[in-house]
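These notes are about the structure you will find just below.
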Amino acid sequence: MKKYRLIVVLLAMLVGAPAVLAVTLANDGKRGLYMSSIEGVLRLSNKEIDLATAALLLSREWGANKTPTMYRSKIDDMAEDILARMKEKRVSADYRAIEIINEYLFKDLGFASLETADNPDDLFLHVVLERKRGYCLSLSVLYLAIAERIGLPAYGVVVPGHFFVRYDDGKKQYNIETTSGGAIATDKHYIEKFPPPSGRDSLYLKNLTPKQTLGCFFNNLGNSYADRALLDYAFDYLVKAVQINPSLAEAHTNLGNVLLRLKRPEEAIAQYEQALSILGPDATNYNNMGNAYLQLGQYEHAKGLYLKALKLKKDFVDVYRNLAQAYQGLGELDKAVAQMQAAVILKPSDAQNFLYLAQLYRKMGRTAQAQTTFFKALDIDPQLASAYTGLGNLSLDQKDYAGAANLFQQSIAIHQGDAEAWFGMALAMHYLERAEDEIEAYRQVLLIDPTQSAALQNMGNAYLKLQNTDLAAQCYTQAIQIDSQNADLYHNLAVAYANQKEYNKAIESYRAALSLSPDNGAIHNGLAICYYLSGDKASARKHALTAKKAGLTVQQELLQGK
């Protein structure tokens, strides 16, 4: 960078405005250069938006290690270098500049395409500038940022699963493939490789406005946040994506996926329906919608959607696994096993397929097959914690509690956050009569998932066994806050109160239990005892008689009513 440029860039950083450049660029004076938030950018007209500034504001939110101004200055320098080459070759800002940009960007500077787009960082413009690597959308955003600075009429273009740049001056049109060093491709190439849906209102294969390009960026940004499990951010940007580009099917699909992870299946279904209305029959969206109905417990509806997906794509392995879950929900375990066997044939290298098949065998009581299949999963992936958990559960079934504890420990050593393994460990400790270790294992379950009412209930039982009725009562009370319709929890809480000789509190809890399970003889018997000890012998006799009628052995004193 020239000394003059360095001074003005530093001044710009101090005042928070774009630098005054030695060469006037085509985007000079755009209001978009002065925006400090993406919300501000979206309030601008398309002519006022500076795409690089918008993308770099999103980089800042992601955690870029330099200011947007510094990264933007780098793009400005690149544009100046290209303009100098254009001047030297007497080329105006027309289609002839494409070759100059391509040579400078992809040959001289070495920018190149990534083989896979599996790192969410690679979406961001600051990462592309630092690593000189990107995928279709991120490289295209850089190309468009340079084009807007040299005054080249270039536009973003989206097709299903891909993004590229198009030069279009109204007379000549060239599709620029940024993942192939700027090679020129025909519309036919994209239609054949990334078939777009037909329709007059389709967004696909058309020149996008800057806002529509940002809408595509928001779609990918939402996925980046979803990859980091930042679902609220993902949701916000995907909502923006569908608002800006309502005919972008991928945005509806991705928003549906995030809604599903947020446990909002009805809203997810609405988004999948939107995607299908744009794309027509589509295996991915049928599968996703099936997952939403699966979450709702509507297994028959889910099954129908999975079968539709398989008609369109017979080798869709995930669908076989999901269809197996639907059959399991319907109680048709043989059909569930058949689906998983098909998945194993299609993808024998996938340990998850063997894992789920083994879990089905266990549910069916086919212990030997379950054990063999869990070991097959471990042969493929020796670090598959869930397979050790499954083997531990098999050992519990066979009452090999020490063996189960060892297997759960192996699972936990691989994946400390496996709540199922900790729960299994707690059960093993219970049967081995190690109450303190049982309580600690349940505590670990609750650190991972505080909503596990079963862990709280069992922990309360362990505390009762240790005669620590105060902590037992606390566990039951917390569990009731999570699962207020569970009669057993009120029953257990009543027992804890009764052990503390808090008979009035015990009676209140027993009555709550009775309202949920009115024919439960054990509850009536407990009530009879508490009424008797509190001096209400008439009520004691009434409940004792009901308990006896239910088949319980009742103390004779409770039946006297005197």
Evaluation of Tyr272 against (1) modelled with pLDDT under 95; (2) touching a helix residue (DSSP H, G or I) at 6+ places or on another chain (Cβ under 6 Å) (one fails), failing number: (1)
Given (1) buried (at least 17 other Cβ atoms within 10 Å of the Cβ); (2) over 26 Å from Gly390 (Cβ atoms), index of the condition Ser453 fails: (2)
Residue within region 481-504 that is β-branched (Val, Ile, Thr) and in a loop (DSSP other than H, G, I, E, B) present: no
Members of region 52-98 found to be among the basic types (Lys, Arg) and assigned to a helix (DSSP H, G or I), listed by number: Arg60, Arg72, Lys74, Arg85, Lys87
Qualifying residue in region 419-431 (condition: modelled with pLDDT of 95 or more, part of a helix (DSSP H, G or I) and touching a His at 6+ places or on another chain (Cβ under 9 Å)): yes
Failed criterion for Lys465 (all others in (1) modelled with pLDDT under 95; (2) farther than 28 Å from Pro518 by Cα hold): (2)
Answer residue from region 505-549, given it is within 46 Å of the chain's Cα centre (by Cα) and not in a helix (DSSP H, G or I) and is surrounded by the most Cβ atoms within 10 Å (Cβ to Cβ) among those: Asn520
Cβ pairs under 9 Å, 6+ apart, first in region 545-560 and without any contact (Cβ under 8 Å) to a residue 24 or more places away in the chain, second charged (D, E, K, R) and in a helix (DSSP H, G or I): Leu559/Arg541; Leu559/Lys548; Gln560/Lys537; Gln560/Arg541
Residue under evaluation Ala270, criteria (1) in contact with a Ser or Thr (Cβ under 8 Å, 6 or more places away or on another chain); (2) assigned to a helix (DSSP H, G or I), criterion not met: (1)
Restricting region 127-141 to residues that are touching a Gly at 6+ places or on another chain (Cβ under 7 Å) and assigned to a helix (DSSP H, G or I), the residue that is surrounded by the fewest Cβ atoms within 10 Å (Cβ to Cβ): Val128
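The values are calculated or read from the model by the stated rules, or taken from the named source; none is laboratory data. None of these values were measured; they are calculated from a predicted model. Every residue, glycine among them, receives a Cβ derived from its backbone with ideal geometry; neighbour counts consider all protein chains shown.
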